[in-house]
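Okay, structure first, notes after.
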Amino acid sequence: MFVYVNLLLLILLIQKLLKFKNINSSMKKRVESFTKALTTFILLSIIVIAVSMYLVSENKIIGPAFIGLGIINLIFLKVVKINFASVYPDMVFGAIDNGVLVFAAVLGGAYAGIAGAIIGGAAGNTVTDGIGGLFEGYVAQHQRQFKIDNLRTAMSSMLGKMAGCLFGAGVGLILVWMITSFF
């Protein structure tokens, strides 16, 4: 919660800075765009954390809940008029990142308890960031080759990566639940 208070204070500071007359219009637009992205991020993060805390012990529905949260991110894309194709590389990164990370954390937890889950998550995150980055870059290159616009902004990168992470975690959690339930 402390992080969110600091982020809200940052937004207020940015809004104060925008009132200075010597800021050029291009910089002002950039700062306003970032402030909008930061505000959206805070709102979505609060929703994700609240749903996660509420459903943490509901193994059967936590995976589908994460997929539902990913859909909420896609709705935000439509609301702020960001083309889905432009965030596709970010979504690929997030899906690979969190999808594999779930398995690394579960495997570490099964092997060595809470410390194993933390270490598995940290090591898994390092590996999945690398793998996700490879595929994100590949998809972005492919899009440029076919002249698909994937220009990134703070808002599009944030929404794309969050949606991908939620979809990846949702699918990963569903698979973990299925494996643990049936085996």
(request) May I ask you to list pairs of residues, at least six apart or on different chains, whose Cβ atoms are under 7 Å apart, with the first in the stretch 68-82 being closer than 21 Å to Leu55 by Cα and the second being aromatic (Phe, Trp, Tyr) and crowded, with 17+ Cβ neighbours inside 10 Å? (result) Gly70/Phe167
(request) Could you please give the count of residues in the stretch 87-124 that are under 24 Å from Tyr138 (Cα atoms) and surrounded by fewer than 21 Cβ atoms within 10 Å (Cβ to Cβ)? (result) 4
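Starting from residues that are among the aliphatic types (A, V, I, L, M) and more than 30 Å from Ser33 (Cβ to Cβ), keep the ones in the stretch 157-183 and report whichever is modelled with the lowest pLDDT.
Ile179
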(request) Six or more apart or on different chains, Cβ under 6 Å: which pairs go from a residue in the stretch 135-152 that's exposed (fewer than 11 other Cβ atoms within 10 Å of the Cβ) and modelled with pLDDT under 85 to one that's assigned to a helix (DSSP H, G or I) and not charged (D, E, K, R)? Could you list them? (result) Asp149/Ser86
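Condition (residue is touching a Ser or Thr at 6+ places or on another chain (Cβ under 8 Å) and either among the hydrophobic types (A, V, I, L, M, F, W, C) or within 18 Å of Phe66 (Cα to Cα) (or both)) applied to the stretch 120-133: is it met by at least one residue? It would help to see each step written out before you state the result.
Initial filter on the stretch 120-133 (touching a Ser or Thr at 6+ places or on another chain (Cβ under 8 Å)): none.
Looking for residues that are touching a Ser or Thr at 6+ places or on another chain (Cβ under 8 Å) and either among the hydrophobic types (A, V, I, L, M, F, W, C) or within 18 Å of Phe66 (Cα to Cα) (or both), one finds none in the stretch 120-133, hence no.
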(request) Output the residues belonging to the stretch 113-137 that are in contact with a helix residue (DSSP H, G or I) (Cβ under 7 Å, 6 or more places away or on another chain) and among the small types (Gly, Ala, Ser). (result) Gly116, Ala117, Gly120, Gly121, Ala123, Gly124, Gly132, Gly133
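The values are calculated or read from the model by the stated rules, or taken from the named source; none is laboratory data. This is a predicted model, so every value here is computed, not measured. In this analysis, Cβ positions are derived from the backbone assuming ideal geometry, glycine residues included, and neighbour counts consider all displayed protein chains.
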